[in-house]
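This is the structure I have questions about; it appears just below.
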Amino acid sequence: MPSRKYADGEVVRGRWPGSSLYYEVEVLSQDSKSHLYTVKYKDGTELELKESDIKPLTSFRQRKSGSSSSSPSRRRGSRSRSRSRSPGRPPKSVRRSASQHAEVKDREILEINLTPLKQSGNSISRYNGEPDRIERNDVSHRNIQDKSYLSQESSYLATQYSLRPRKEELKFEEIIFQEERNVKGPKSIRTFETTTTEPEDLEFGGGFGAFSIMIGLPVMLFMLLLMCRQEDPSLANLPPPLPPLANLWETRVFGVCLLWFFLQALFHLLPIGKVVEGTPLCSGRRLKYRLNGFYAFILTSVVIGTSLYRGIELCYLYDHFLQFAVAATVFSVALSIYLYVRSLKASKDELSPGKSGNIVYDFFIGRELNPRIGHFDLKYFCELRPGLIGWVVINLIMLLAEMKVQQRETPSLAMILVNSFQLLYVVDALWNEEALLTTMDIIHDGFGFMLAFGDLVWVPFVYSLQAFYLVTHPNEVSWLFASIIIALKLSGYTVFRCANSQKNAFRKNPNDPNLAHLKIIHTSSGKNLLVSGWWGFVRHPNYLGDLIMALSWSLPCGFNHILPYIYVIYFTILLIHREARDEHQCKKKYGLAWEKYCQRVPYRIFPYIY
């Protein structure tokens, strides 16, 4: 069997059938019998090409560099007079000299692009590193593969496409862009290199809102932790007394935070676990990620178990919990400053599509999409490792602290429920680590203060609020009430896991026989939308499962105070924002197909919020 020359996901140049024009395509697969490659063009068209009709990108880049041996225009410019004038050449009286002709060619090289013409019933969007969105009454682009359709190549090209020089195409797209702005209003300024979000499209209230959040989140965090220390943590006792500022910082605590961060980094760099590719970037390149989060969790458990066996006082973290929160906040701010400074030197292809040009907003949302030190991806590492695993360790320490403070021989049933529920959530996330690569945090958001503070501070110190509360505010739970809470937790987890598994399996392999019973809506972006199964019951069913589980985490704390349920309130606000954000992104990405999906699945988790 001959060796395969082009791999799946590789970006190459493919010849358009019936012509000598080559366009950038992505290799999807190869038929082992016919040896034909299935490729996808930028407008979503999928065709089967022979290996001889595919060329690597490097060969075209060499031609573009300007060598005289590979430039047809230069060879024509250095030629002597031809014997006969071609129909496209001007009369001899207006013909430029060979030297002038070559000079013009050197100064301006026109590119020929295949540009879809505007037709009735179709909407045309501009290309920005993604497939062009052309709605064709839900007819899939795969119909172009029909042989009888390709046999009429000349008439097809004459009616469906126009060959335009690059400058003319830009003017044509500028007209289309202006028409869309008049109809839909300004959303974003799109170019062929990157996307700059307009002020009207900024999230969180723009620069002022981002600044307010950066100040408000640490204040809210410290207020919640101080309230948990009070004997009566009710709203009537707000604000809680603030300790002396000198007691908020300890160098030793900051050193422990650094040690924890670099220990998890060491586990992440170990050559264990499989390596997978992420979603394609605007340049067509795919970054590689090592999936070893579950192994890191096991190694961390060994370290914690060894520490307990040797008698190391882990309750030191509980006694200095506020100082640990301050140290983690300082570290996250320092990391955010480093990320913003290094993003100033990043190329345009490496920047996030959500950047705005506003310094405060970009510092908050993040400018660089995938900041890496060598092969070490900072954003991917912080998403699952220090904060998420640290959340479980903090819960365990709170369990030990409860036994010490309340002088118990065994932890309370409420504390066991909180630890078990949240441990299951973290282990599930680490076991299904690959699913993180398709989330908005990875493929859309830059890495700035929002994710740095959220991953390293908010997750470990706020998500453990129920366990921290139970240390000094015990609550006895009956077995009947515990059974109801467990049933609620399992139902939420079932919805969450089944919905996410169905979505991830469909994204990974839409042709999976196990998913053949599911109904879909075709989109012009090349992706399909599920309209049956869990995703036909309600939009974003995984968020519904998340919300049910969050409630089950707070119920073991009882109903004496609202403090344990502040997390549920926060989580509800977060899900409202995420759902609204996802709706906006999907509507912009899928267009008419998303409107049809909304008609098929009209139910939302928060139907009257936005």
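Starting from residues that are touching a residue at least 60 places away in the same chain (Cβ under 8 Å) and of a type in the set (Lys, Arg), keep the ones in the range 32-60 and report whichever is most open to solvent (accessible area, probe 1.4 Å).
LYS42
Could you please find all residues in the range 561-587 being open to solvent by 60 Å² or more (accessible area, probe 1.4 Å) and not in a helix (DSSP H, G or I)?
Result: ILE562, single match.
Same structure again: Sort through LEU238, LEU245, LEU281, LEU291 and tell me the only one that's at pLDDT 85 or above and on the phi < 0 side of the Ramachandran plot.
Sole residue among the options that is at pLDDT 85 or above and on the phi < 0 side of the Ramachandran plot: LEU291.
Checking the conditions here, which among LEU547, LEU529, LEU518 is under 24 Å from the mean Cα position of the chain (by Cα) and either without any contact (Cβ under 8 Å) to a residue 40 or more places away in the chain or within 27 Å of THR329 (Cα to Cα) (or both)?
The unique qualifying residue is LEU547.
Cβ contacts < 9 Å: first residue farther than 18 Å from ASN419 by Cα and touching a residue at least 12 places away in the same chain (Cβ under 8 Å), restricted to the range 374-398; second residue among the polar types (S, T, N, Q) and open to solvent by 10 Å² or more (accessible area, probe 1.4 Å), any location; separation 6+ or different chain. Result?
Every condition considered, the pairs that remain are ASP377/ASN370; LEU378/ASN370; LYS379/ASN370; TYR380/ASN370; GLU383/THR439.
Okay, next question. Give the residues of the range 551-570 that are in contact (Cβ under 8 Å) with a residue 24 or more places away in the chain and either under 22 Å from TRP594 (Cβ atoms) or not hydroxyl-bearing (Ser, Thr, Tyr) (or both), sorted by residue number.
Correct list: LEU551, TRP553, LEU555, PRO556, CYS557, GLY558, ASN560, HIS561, ILE562, LEU563, PRO564, ILE566.
Consider CYS498 against the criteria (1) open to solvent by 40 Å² or more (accessible area, probe 1.4 Å); (2) modelled with pLDDT of 80 or more; (3) part of a loop (DSSP other than H, G, I, E, B): it satisfies all of them except one. Which criterion is unmet?
Among (1) open to solvent by 40 Å² or more (accessible area, probe 1.4 Å); (2) modelled with pLDDT of 80 or more; (3) part of a loop (DSSP other than H, G, I, E, B), CYS498 violates only (3).
Just to be sure I understand the filter: pairs with C-beta atoms under 6 Å, separated by 6 or more residues or on different chains, first member in the range 348-371 and touching a residue at least 60 places away in the same chain (Cβ under 8 Å) and under 20 Å from GLN585 (Cα atoms), second member among the aromatic types (Phe, Trp, Tyr) and open to solvent by 20 Å² or more (accessible area, probe 1.4 Å). Which pairs pass?
none
If you go through the range 531-542 one residue at a time, do you hit one that is under 30 Å from PHE222 (Cα atoms), among the aliphatic types (A, V, I, L, M), open to solvent by less than 20 Å² (accessible area, probe 1.4 Å) and in contact with a helix residue (DSSP H, G or I) (Cβ under 8 Å, 6 or more places away or on another chain)?
no
Also, quick follow-up: Return the pairs, sorted by first residue and then second, in which the second residue is among the acidic types (Asp, Glu) and open to solvent by 20 Å² or more (accessible area, probe 1.4 Å), the first residue lies in the range 263-286 and is closer than 19 Å to GLU368 by Cβ, the beta carbons are less than 7 Å apart, and the residues are 6+ apart or on different chains.
Once the first residue is closer than 19 Å to GLU368 by Cβ and sits in the range 263-286, its partners that are among the acidic types (Asp, Glu) and open to solvent by 20 Å² or more (accessible area, probe 1.4 Å) give CYS282/ASP349; SER283/ASP349; GLY284/GLU26; ARG286/GLU277.
If you take just the helices (runs of 4 or more DSSP H) that sit entirely in the range 282-355, which of them hold at least 2 residues that are in contact with a Pro (Cβ under 8 Å, 6 or more places away or on another chain)?
Filter on the range 282-355 gives 321-343.
Please specify each residue of the range 405-423 satisfying the condition of being in a helix (DSSP H, G or I) and either buried (at least 18 other Cβ atoms within 10 Å of the Cβ) or at pLDDT 95 or above (or both).
LEU413, ALA414, MET415, ILE416, LEU417, VAL418, ASN419, SER420, PHE421, GLN422, LEU423
Looking at (1) polar (S, T, N, Q); (2) more than 27 Å from GLU10 (Cα to Cα); (3) open to solvent by less than 30 Å² (accessible area, probe 1.4 Å), which is the one condition that is false for SER301?
Tallying (1) polar (S, T, N, Q); (2) more than 27 Å from GLU10 (Cα to Cα); (3) open to solvent by less than 30 Å² (accessible area, probe 1.4 Å), SER301 fails exactly one: (3).
What residue, among those in the range 588-610 that are part of a loop (DSSP other than H, G, I, E, B) and open to solvent by less than 30 Å² (accessible area, probe 1.4 Å), is modelled with the lowest pLDDT?
PHE606
Residues that are part of a strand (DSSP E or B), among the aromatic types (Phe, Trp, Tyr) and farther than 24 Å from PHE222 by Cα: does the range 426-433 have at least one?
no
Look through the range 265-281, keep the residues that are open to solvent by 60 Å² or more (accessible area, probe 1.4 Å), of a type outside the set (A, V, I, L, M, F, W, C) and assigned to a loop (DSSP other than H, G, I, E, B), and return whichever of them is farthest from ASP349 (Cα to Cα).
PRO271
With respect to the numbered conditions (1) loosely packed, with under 15 Cβ neighbours inside 10 Å; (2) part of a helix (DSSP H, G or I); (3) modelled with pLDDT of 85 or more, which one is the sole condition not fulfilled by GLU476?
(2)
Would a scan of the range 20-29 turn up a residue that is without any contact (Cβ under 8 Å) to a residue 12 or more places away in the chain, part of a loop (DSSP other than H, G, I, E, B), out of contact with any strand residue (DSSP E or B) (no Cβ under 9 Å at 6 or more places or on another chain) and not basic (Lys, Arg)?
Yes, there is a match, as at least one residue in the range 20-29 is without any contact (Cβ under 8 Å) to a residue 12 or more places away in the chain, part of a loop (DSSP other than H, G, I, E, B), out of contact with any strand residue (DSSP E or B) (no Cβ under 9 Å at 6 or more places or on another chain) and not basic (Lys, Arg).
Right, here's the next one. Check ARG310, ARG286 and return the single one that is basic (Lys, Arg), open to solvent by 30 Å² or more (accessible area, probe 1.4 Å) and over 28 Å from SER352 (Cβ atoms).
ARG310
Now for a different question. Residues being touching a residue at least 60 places away in the same chain (Cβ under 8 Å), open to solvent by 80 Å² or more (accessible area, probe 1.4 Å) and either small (Gly, Ala, Ser) or in a loop (DSSP other than H, G, I, E, B) (or both): count how many of those fall in the range 218-262.
Residues that pass the stated criteria total 2.
Right, something else. State yes or no: is GLY492 over 18 Å from ASP546 (Cβ atoms), touching a Gly at 6+ places or on another chain (Cβ under 6 Å) and among the small types (Gly, Ala, Ser)?
no
Counting just the residues of the range 502-522 that are part of a helix (DSSP H, G or I) and farther than 20 Å from TYR597 by Cα, which one comes out most open to solvent (accessible area, probe 1.4 Å)?
By that ranking, first place goes to LYS508.
The values are calculated or read from the model by the stated rules, or taken from the named source; none is laboratory data. Predicted model, so just to flag it, every value in this text is computed and none were measured. Every residue, glycine among them, receives a Cβ derived from its backbone with ideal geometry; neighbour counts consider all protein chains shown. What goes into the accessible areas is simple: the full protein's heavy atoms, side chains included, and nothing from ligands, DNA or RNA. Shrake-Rupley method; radii C 1.70, N 1.55, O 1.52, S 1.80 Å.
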